[in-house]
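Accompanying notes for the structure given below.
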Amino acid sequence: MKRRAVAVIAGVAVLATAIGVGIGVLRVSDKLVGGPNGDCTVTVAGHQVDISGEQAENAALIAAIAVRRGLPARAASIALATAFQESKLRNIDYGDRDSLGLFQQRPSQGWGTRAQILDPTYATNRFYDALVKVRGYENMEITVAAQKVQRSAFPTAYADHEADGRALASALTGYSPATFSCDLAGGAPSADAELTATGLTPRADVVRKELLTQFGRLSFAAAPADGRSVNVVVRPTKAGDAKGWALAHWAVANAARLKIRTVRFDGWIWTAGREGWRNDATSTTVEIDVFR
């Protein structure tokens with residue numbers, strides 16, 4: 001039976017003047033280059049940061065939670081510099097004494113249970129919960145703000161990661177367009193193409209659900225006939241553009257895990273297996289396509 005794609009709307013209504021973010025999945029036959037997990041690079045104002053796929057996913061999560069909470073990019077800079085110093089942006093299950101996770105938080109110091117701290121979403125929110133209680137953190141040096149939250153025995157160490165934290169935060173919160181890219185292998189095993197109730201394939205629907213989990217309330221445009229593209233609607237404003245790029249860069253950071261093929265936004269396109277972002281004059285939405 002022919003199925004009709006339905007629009008999926010979550011949060012504010014879609015406006016006719018809005019623009020969207022599209023995310024897509026690659027076909028198995030697409031010839032791409034790069035490793036299976038990919039290595040990622042961000043270059044902002046001449047400063048380059050190279051991170052692994054694992055680090056990219058964690059960095060994108062930290063930035064996405066800042067965006068969801070309505071925090072300034074400075075908060076993400078502080079959090080990312082802190083996680084760089086504490087765990088190298090890896091969710092490790094060990095550390096000094098009982099320290100754990102991205103931020104090396106300690107159960108004995110009231111940060112939560114071991115299981116909670118090893119949940120990156122919980123750990124990141126707990127970090128931000130503490131940071132927003134630091135009066136004037138927005139104007140503090142990153143190392144000072146980080147130390148007020150962490151109370152580390154090596155407070156000056158955070159300074160080593162300030163530039164990296166700022167570059168990642170600027171890209172992943174959307175203020176530096178088309179600056180975050182990952183080099184991925186192409187293709188993916190075939191997946192179920194039966195459309196779900198959202199009008200998306202199961203693989204594309206996972207992308208939609210994760211976007212909602214990490215960014216909160218979003219609006220989605222109608223799914224295409226093949227159900228392989230997730231289109232997020234954002235307002236055509238400076239703030240809307242920043243959120244659009246936050247979504248687009250998040251998709252790139254998670255492309256290996258979610259089997260994302262292409263990401264389009266604001267006249268640019270990223271394709272798994274090709275280098276960097278390229279001009280794409282036809283894209284006016286954040287469109288994320290997945291592999292078949």
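The values are calculated or read from the model by the stated rules, or taken from the named source; none is laboratory data. As the structure is a prediction and not an experimental result, all values here were calculated from the model. Cβ atoms come from the backbone with ideal geometry, glycine included; neighbour counts cover every protein chain shown.
Look through Gly70, Gly35 and report the one residue that is at pLDDT below 95 and surrounded by fewer than 21 Cβ atoms within 10 Å (Cβ to Cβ).
Answer to the check: Gly35.
Does the stretch 260-267 contain any residue that is in contact with a helix residue (DSSP H, G or I) (Cβ under 7 Å, 6 or more places away or on another chain) and of a type in the set (D, E, K, R)?
yes
What about Ile62, is it at pLDDT 95 or above and part of a helix (DSSP H, G or I)?
The answer is yes for Ile62.
For the stretch 146-156, check the following and say yes or no: at least one residue is under 19 Å from Ala60 (Cβ atoms) and either touching a Lys or Arg at 6+ places or on another chain (Cβ under 8 Å) or modelled with pLDDT under 95 (or both).
no
Of the residues Thr213, Thr262, which single one is of a type in the set (S, T, N, Q) and surrounded by fewer than 24 Cβ atoms within 10 Å (Cβ to Cβ)?
From the options Thr213, Thr262, the qualifying one is Thr213.
If you check every pair at least six apart or on different chains, which have Cβ atoms under 8 Å apart with a residue in the stretch 195-223 that is among the small types (Gly, Ala, Ser) first and a residue that is assigned to a helix (DSSP H, G or I) second?
Filtered contacts from the stretch 195-223: Gly216/Arg68; Ala223/Ala204.
Within the stretch 179-197, restricting attention to residues that are modelled with pLDDT of 95 or more and part of a strand (DSSP E or B), which residue is surrounded by the most Cβ atoms within 10 Å (Cβ to Cβ)?
Checked the stretch 179-197; the qualifying residue surrounded by the most Cβ atoms within 10 Å (Cβ to Cβ) is Phe180.
Regarding Thr201, is this residue in contact with a Pro (Cβ under 8 Å, 6 or more places away or on another chain) and either modelled with pLDDT of 95 or more or closer than 17 Å to Gly53 by Cβ (or both)?
Spelling it out, it is not the case that Thr201 is in contact with a Pro (Cβ under 8 Å, 6 or more places away or on another chain) and either modelled with pLDDT of 95 or more or closer than 17 Å to Gly53 by Cβ (or both).
Could you please let me know if Val207 is in contact with a Leu (Cβ under 7 Å, 6 or more places away or on another chain) and assigned to a strand (DSSP E or B)?
It is false that Val207 is in contact with a Leu (Cβ under 7 Å, 6 or more places away or on another chain) and assigned to a strand (DSSP E or B).
For residues that are touching a Lys or Arg at 6+ places or on another chain (Cβ under 6 Å) and not in a helix (DSSP H, G or I), tally how many sit in the stretch 113-145.
Looking only at that region, the number is 1.
Which residue, of Ile288, Ile269, is in contact with a Ser or Thr (Cβ under 7 Å, 6 or more places away or on another chain), farther than 18 Å from Ala60 by Cβ and assigned to a strand (DSSP E or B)?
Matching residue, one of Ile288, Ile269: Ile269.
Does Leu200 satisfy being crowded, with 22+ Cβ neighbours inside 10 Å and in contact with a Gly (Cβ under 6 Å, 6 or more places away or on another chain)?
Criteria met by Leu200.
Among the numbered criteria (1) under 17 Å from the mean Cα position of the chain (by Cα); (2) assigned to a loop (DSSP other than H, G, I, E, B), which one does Tyr94 miss?
Tallying (1) under 17 Å from the mean Cα position of the chain (by Cα); (2) assigned to a loop (DSSP other than H, G, I, E, B), Tyr94 fails exactly one: (1).
Name, by its number, the condition in (1) crowded, with 23+ Cβ neighbours inside 10 Å; (2) touching a Pro at 6+ places or on another chain (Cβ under 9 Å); (3) hydroxyl-bearing (Ser, Thr, Tyr) that does not hold for Thr82.
Condition not satisfied by Thr82: (2).
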